[in-house]
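Note sheet for the following structure.
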Amino acid sequence: MKTWMVTVCWRGWLRGRSNSIFSAMHSLDPGDSFATWRIKARDVLARGIPPEEILWEAAEGSLFEEPPEMVTVAESAVVPPAFVGLAKDVSCHADPRRWELLYRLLWRIVKSGERHVLEIASDPDVAMAHRLAKNVRREIHKMHAFVRFRKAGEADDGRERFVAWFEPDHFIVEAAAPFFRKRFANMDWSIFTPKGCAHWIAGEFKMSPGVPRDPCDQPDVMEGIWRTYYRSIFNPARLKMKAMQSEMPRRYWKNLPEADLIDELSRESTARTHGMIEEPLRPVKRAPANAYLGKLQDLSSFPVADPAASTSLHDIARMTQACRQCPLWEHATAAVPGEGPENAHIMIVGEQPGDREDLEGRPFVGPAGQLLDRALVEAGLDRSTCYVTNAVKHFKWTPRGKLRLHQKPGAGEIEACKPWLLAELSKVAPEIVILLGGTAARSLLGPDVQVTKHRGLVAAPQIASRVVLTVHPSYLLRVDELRKEAEFRQFVADLKLAVSSQVQE
Amino acid sequence: MEVSEKLAILADAAKYDASCASSGATKRDSADGRGVGSAGGAGICHSYAPDGRCISLLKILLTNRCLYDCHYCINRRSSNVRRAAFTPEEAVTLTLDFYKRNYIEGLFLSSGIIRSADHTMEQVVQVARTLREVHDFRGYIHLKTIPEASPELIEQAARYADRISINLELPTQQSLDRLAPEKNLARTKQAMGRIRVKLDDAAERKREGDRKLRHATGQSTQVIVGADAATDADFLARSDELYRAYRLRRVYYSAFSPIPEPSSVLPPVAPPLVREHRLYQADWLMRYYGFSNSELLTPEQPNLDLRIDPKLAWALRNRQQFPLNLQTASRLEMLRVPGLGMKNVDRLLSIRRHTHVRLADLARLRISLPKVRAFIITADHHPAREDLDGDRLLARLAPRPVQLDLFGDAQP
Ligand code: SF4
């Protein structure tokens with residue numbers, strides 16, 4: 001890599017240099033390697049040689065002197081980690097100005113008190129470094145994408161051997177190789193390029209010098225099938241050649257087995273699309289009689305909702321799915337019906353499903369539900385013997401950030417949903433009803449009953465012989481840490497009220 | 001039928017599915033000397049078709065026979081298209097052969113619905129299971145599932161795949177009733193809900209240190225744009241709901257394109273590619289830039305402006321919020337300047353801690369000055385009020401009206 005160095009251009013690029021410094025110029029040869037540059041840069045930096053006195057170029061035929069001796073440097077230049085990462089990328093670029101640029105940045109960071117210069121992305125040096133690094137990263141990515149392996153045989157133990165040819169613009173082969181090592185560890189492979197070759201053979205990784213031409217030019221049988229795929233996956237009605245070329249520049253085409261189809265496919269696309277648009281339309285075929293389709297149709301056709309007409313809890317659950325009595329159904333996943341035995345002694349009524357309940361289609365399975373479960377156990381109640389439901393069957397929510405935030409149902413929604421709750425109540429006909437929170441209370445006892453005032457046993461014989469009113473468990477989740485335990489005890493005590501009333505009977 | 005002949009039919013049938021991403025999988029590789037392949041991080045597009053779309057996965061149908069009669073679909077039962085079916089083994093071998101040659105990142109497998117949802121899902125799952133369990137395949141797998149399939153099968157699909165998806169196809173039940181009579185919005189939402197619960201649980205177990213776990217990391221969906229009268233507002237409202245409720249990774253918008261064997265219920269028109277592009281832009285603004293869908297569209301204007309991008313359209317409707325001083329504005333405010341993207345906003349925030357921002361800085365960050373000028377204040381630039389007020393602003397910023405050409409590069 002000695003041919004790219006043209007000293008004249010180089011000078012023109014150095015900014016604001018006086019001619020006199022040329023007499024004191026040092027010429028350093030970093031090769032193409034970041035490691036070599038790093039050693040030399042550290043050395044001249046330690047000796048305080050400013051960027052304008054160094055020419056980073058191939059040593060051979062140079063007009064200028066190497067610095068007389070390499071000293072081992074005591075001063076270690078502390079640079080931000082971001083610089084090392086950026087410099088590694090930039091060093092892979094084919095632009096001969098990269099070493100000079102990196103040294104100038106290094107100098108500015110360490111010697112000129114501009115430690116934060118990398119944070120100024122619009123600084124001319126930083127902007128250029130970013131641009132070079134971006135080109136390099138992009139080409140590493142393209143190498144990962146556009147290397148096409150060809151199968152070259154199989155070892156006796158069945159280990160497959162693959163080879164590929166690739167022509168990168170920059171010195172990226174080594175940087176791109178780890179991807180292939182991790183992905184194709186179980187095959188032997190070589191990637192040949194003019195800028196270095198990478199080999200993974202029998203579990204050993206090796207780099208070797210670049211080769212000018214593809215050393216093993218034999219097509220692979222899969223290439224034909226890959227071309228078939230390429231041809232078929234293209235939608236002619238969407239031809240967008242510019243978009244395609246910006247992602248897959250022409251210079252890569254010659255080593256892609258599918259690329260010579262591009263012209264043909266794009267040429268034909270107009271006619272193909274016209275053909276489709278002008279094709280006579282087909283009449284709709286009738287659905288064949290089919291058990292599976294019949295079942296699907298059944299699933300979709302709910303009876304028009306009339307709670308009073310329901311004959312079983314199962315019926316109610318099914319019919320709520322078709323309910324349109326208030327707008328809540330539209331943005332919920334599904335109605336969440338009650339759950340539990342038809343002959344339960346105890347019916348527990350909450351407010352409405354929350355996020356988790358809405359997703360699972362079951363009442364009280366979210367955080368509040370888990371709290372309720374714990375409290376029920378403490379109170380000596382078995383949830384599986386209770387009928388657990390909500391006053392409102394669809395989840396009411398409002399957008400907040402990326403979430404669905406629970407929102408209290410309004411009086412209208414509670415009223416609209418009440419027939420469903422009453423239908424459940426009349427089917428289960430429980431002896432005891434536990435009302436959790438204001439919404440449940442409002443639905444069954446009306447707007448005048450408040451949890452704070454009427455907590456505990458309430459007389460509501462039209463509902464059940466024992467009715468207990470208490471807070472909703474989600475209240476316990478919100479209450480502040482100090483009062484949490486006491487509130488939980490109180491909640492359990494309320495639930496026990498239901499049991500003790502049962503025992504008394 | 002030869003495998004390559006089947007491939008021609010079954011890849012052709014899969015080309016209308018817009019999803020292509022192979023990113024976001026759990027990081028894994030075969031550096032340990034076992035298994036085939038790797039995944040994780042940003043996906044790789046191994047090729048591009050002349051339609052500008054990335055080819056990252058082997059995207060095929062297991063079969064294009066189908067019981068359903070979705071009119072926008074070439075495989076519907078009333079179409080006379082040639083039918084074919086891969087055996088699960090054929091699909092597995094093809095995936096491995098392509099993968100080892102570095103043609104693809106993995107497999108995207110969908111299928112026409114034959115016999116029943118469960119029967120079809122079982123076949124699809126079997127392909128993924130064979131790849132994972134018999135061949136220890138560590139590349140990417142995306143499985144398309146059917147809402148009506150049993151939850152256990154969907155759970156299995158999620159276990160073998162990196163991404164699963166259920167296509168919504170159309171944003172409202174009325175649209176489905178007309179064009180896809182076997183499909184049901186509520187059932188799709190319910191299936192998505194169940195999947196989210198499973199994915200949440202899996203993520204939770206992983207946080208708690210379950211290292212053996214391999215489970216999909218996300219779900220996505222596709223909607224078809226332009227096959228019926230649904231407005232952009234319908235699409236964006238539905239997407240917003242899906243992102244929130246089911247944590248979808250992406251909603252793909254697929255401009256409806258003419259198909260062979262067209263049904264009489266369809267508009268025989270060129271695909272609305274610009275509209276598709278605008279929807280992606282708006283979707284992006286909702287997910288990453290803090291815009292709500294009601295800011296982008298109103299009941300009076302339920303469709304996005306096709307001439308200019310939705311952020312510019314929003315800025316022109318809200319001129320009173322500009323010009324914005326880049327030296328002092330908040331990140332969220334800066335993100336709302338037309339022509340400023342996330343990366344450049346972050347760079348500007350970093351730059352201004354050290355120095356005053358000038359137009360030359362913007363130029364070096366490769367920000368389009370003509371586009372941002374009227375909306376910003378910098379140390380050396382204070383736009384004249386009339387710049388922002390004048391009617392000419394739109395005229396200056398909107399590209400000259402061109403006949404949108406079906407066969408050219410219609411996307412701006
Ligand atoms: S919340 Fe109740 S009333 Fe409203 S739609 Fe749902 S089931 Fe019907």
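The values are calculated or read from the model by the stated rules, or taken from the named source; none is laboratory data. What you are looking at is a predicted structure, and each value in this text was computed from that prediction instead of being measured. So basically every Cβ, Gly included, is an ideal-geometry build from the backbone, and we count neighbours across all protein chains shown. All accessible areas refer to the heavy atoms of the entire protein, side chains included, with ligands and DNA or RNA removed. Shrake-Rupley method; radii C 1.70, N 1.55, O 1.52, S 1.80 Å.
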Practice item. Looking only at region B:292-299, decide whether some residue is farther than 29 Å from B:TYR252 by Cβ, polar (S, T, N, Q) and free of Cβ contacts under 8 Å to residues at least 12 places away in the same chain. Key: no
Point to revise | Which numbered condition B:ILE60 misses (of (1) part of a helix (DSSP H, G or I); (2) hydrophobic (A, V, I, L, M, F, W, C); (3) touching a residue at least 40 places away in the same chain (Cβ under 8 Å)) | key: (1)
**Study point:** Some residue of region A:472-482 being over 30 Å from B:GLU241 (Cβ atoms) and either outside any helix (DSSP H, G or I) or within 16 Å of the ligand (Cβ to nearest atom) (or both)
**Key:** yes
Review point. Would you pick out the residues in region A:320-339 that are near the ligand (Cβ under 8 Å from one of its atoms), assigned to a loop (DSSP other than H, G, I, E, B) and hydrophobic (A, V, I, L, M, F, W, C)?
Key: A:CYS323, A:CYS326, A:ALA332, A:ALA335
Exercise for review: Output the residues belonging to region B:73-105 that are away from chain A (no Cβ under 11 Å), modelled with pLDDT under 95 and open to solvent by less than 20 Å² (accessible area, probe 1.4 Å).
Suggested key: B:ASN75
Check your understanding: Could you list, in sequence order, the residues of region A:360-369 that are open to solvent by less than 20 Å² (accessible area, probe 1.4 Å) and within 16 Å of the ligand (Cβ to nearest atom)?
Key -> A:PRO363
Revision key, fill the gap. Of those in region A:166-189 that are in a helix (DSSP H, G or I) and not small (Gly, Ala, Ser), the residue most open to solvent (accessible area, probe 1.4 Å) is A:GLU174
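To keep it simple, each residue is scored yes or no on (1) basic (Lys, Arg); (2) more than 30 Å from B:LEU304 (Cα to Cα); (3) open to solvent by 50 Å² or more (accessible area, probe 1.4 Å).
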site: B:LEU326; (1), (2), (3): no, no, no
site: B:SER350; (1), (2), (3): no, yes, no
site: B:LEU362; (1), (2), (3): no, no, no
site: B:ILE367; (1), (2), (3): no, no, no
site: B:PRO370; (1), (2), (3): no, no, yes
site: B:ASP389; (1), (2), (3): no, no, yes
Check your understanding: Counting only residues that are buried (at least 16 other Cβ atoms within 10 Å of the Cβ) and among the small types (Gly, Ala, Ser), how many does region A:145-165 have?
Key -> 3
**Study point:** In region B:343-367, the residues that are more than 21 Å from B:LEU332 (Cβ to Cβ) and not in a helix (DSSP H, G or I)
**Key:** B:HIS354, B:THR355, B:HIS356, B:ARG358, B:ARG366
**Study point:** Conditions (1) open to solvent by 40 Å² or more (accessible area, probe 1.4 Å); (2) part of a helix (DSSP H, G or I); (3) touching a Lys or Arg at 6+ places or on another chain (Cβ under 7 Å); number of the one not met by B:LEU285
**Key:** (1)
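What about B:ARG238, is it closer than 30 Å to B:ASP305 by Cα, assigned to a helix (DSSP H, G or I) and not hydroxyl-bearing (Ser, Thr, Tyr)?
Working: closer than 30 Å to B:ASP305 by Cα: yes; assigned to a helix (DSSP H, G or I): yes; not hydroxyl-bearing (Ser, Thr, Tyr): yes.
Against the criterion (closer than 30 Å to B:ASP305 by Cα, assigned to a helix (DSSP H, G or I) and not hydroxyl-bearing (Ser, Thr, Tyr)), B:ARG238 qualifies.
Does A:ILE414 count as more than 14 Å from the ligand (Cβ to nearest atom) and surrounded by 23 or more Cβ atoms within 10 Å (Cβ to Cβ)? Spell out how you get there, then give the answer.
On the way: more than 14 Å from the ligand (Cβ to nearest atom): no; surrounded by 23 or more Cβ atoms within 10 Å (Cβ to Cβ): yes.
No, not satisfied.
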Review point. Within region A:268-288, can one find any residue that is closer than 30 Å to A:VAL147 by Cα, more than 9 Å from chain B (Cβ to nearest Cβ) and either at pLDDT below 90 or surrounded by 13 or more Cβ atoms within 10 Å (Cβ to Cβ) (or both)?
Key: yes
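Look at B:LEU7 and say whether it is assigned to a helix (DSSP H, G or I), open to solvent by less than 10 Å² (accessible area, probe 1.4 Å), within 28 Å of A:ALA243 (Cβ to Cβ) and within 11 Å of another protein chain (Cβ to nearest Cβ).
On the way: assigned to a helix (DSSP H, G or I): yes; open to solvent by less than 10 Å² (accessible area, probe 1.4 Å): yes; within 28 Å of A:ALA243 (Cβ to Cβ): yes; within 11 Å of another protein chain (Cβ to nearest Cβ): yes.
Yes; evaluated as a whole, the condition is true for this residue.
Which one of these is part of a strand (DSSP E or B) and open to solvent by less than 30 Å² (accessible area, probe 1.4 Å): B:ILE224, B:ILE259, B:ILE195? I'd like the intermediate steps shown before the answer.
Details: B:ILE259 fails: part of a strand (DSSP E or B); B:ILE195 fails: part of a strand (DSSP E or B).
On inspection, the qualifying residue turns out to be B:ILE224.
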Point to revise | Count of region A:338-369 residues which are within 14 Å of another protein chain (Cβ to nearest Cβ) and among the β-branched types (Val, Ile, Thr) | key: 1
Exercise for review: Considering every residue within region B:164-183, establish whether at least one is open to solvent by less than 10 Å² (accessible area, probe 1.4 Å), away from chain A (no Cβ under 14 Å) and under 23 Å from A:VAL365 (Cα atoms).
Suggested key: no
Practice item. Hey, could you check region A:429-456 for residues that are open to solvent by 50 Å² or more (accessible area, probe 1.4 Å), touching a residue at least 12 places away in the same chain (Cβ under 8 Å) and in a helix (DSSP H, G or I) and say which is nearest to A:ALA309 (Cα to Cα)? Key: A:ARG442
Review point. Open to solvent by less than 50 Å² (accessible area, probe 1.4 Å), modelled with pLDDT of 90 or more and closer than 30 Å to A:LEU425 by Cβ: does that describe A:ALA332?
Key: yes
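Give the number of residues within region A:370-411 that are within 16 Å of the ligand (Cβ to nearest atom) and within 14 Å of chain B (Cβ to nearest Cβ). Spell out the reasoning first.
Applying the first criterion (within 16 Å of the ligand (Cβ to nearest atom)) to region A:370-411 yields A:389-398, A:404, A:406-411.
Among the residues that remain, those that are also within 14 Å of chain B (Cβ to nearest Cβ) are: A:393-398, A:404, A:406-407.
Looking only at that region, the number is 9.
Against the definition (part of a strand (DSSP E or B) and either within 26 Å of A:LYS295 (Cβ to Cβ) or open to solvent by 10 Å² or more (accessible area, probe 1.4 Å) (or both)), how does B:LEU109 come out, yes or no?
Working: part of a strand (DSSP E or B): yes; either within 26 Å of A:LYS295 (Cβ to Cβ) or open to solvent by 10 Å² or more (accessible area, probe 1.4 Å) (or both): yes.
Answer is yes for this residue.
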Revision key, fill the gap. Restricted to region A:340-359 and to residues being away from the ligand (no atom under 16 Å from the Cβ) and open to solvent by 30 Å² or more (accessible area, probe 1.4 Å), the residue farthest from B:THR188 (Cα to Cα) is A:HIS345
Review point. Quick check: is even one residue across region B:21-33 in contact with a Ser or Thr (Cβ under 7 Å, 6 or more places away or on another chain) and among the acidic types (Asp, Glu)?
Key: yes
Review point. Looking at region A:292-311, is at least one residue facing chain B (nearest Cβ under 8 Å), open to solvent by less than 40 Å² (accessible area, probe 1.4 Å) and in contact with a Gly (Cβ under 9 Å, 6 or more places away or on another chain)?
Key: no
Review point. Hey, A:ALA309 hits all of (1) at pLDDT below 85; (2) farther than 30 Å from A:ALA423 by Cβ but one; which does it fall short on?
Key: (2)
Check your understanding: Does B:THR26 count as under 20 Å from B:ALA216 (Cα atoms), of a type in the set (Val, Ile, Thr) and either more than 10 Å from every other protein chain (Cβ to nearest Cβ) or not in a loop (DSSP other than H, G, I, E, B) (or both)?
Key -> yes
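Please go through region A:86-107 and pick out each residue that is open to solvent by 40 Å² or more (accessible area, probe 1.4 Å) and either touching a His at 6+ places or on another chain (Cβ under 8 Å) or part of a helix (DSSP H, G or I) (or both).
From region A:86-107, those open to solvent by 40 Å² or more (accessible area, probe 1.4 Å) are A:88, A:97, A:107; that's our starting set.
Answer for region A:86-107, where residues must be open to solvent by 40 Å² or more (accessible area, probe 1.4 Å) and either touching a His at 6+ places or on another chain (Cβ under 8 Å) or part of a helix (DSSP H, G or I) (or both): A:LYS88, A:TRP107.
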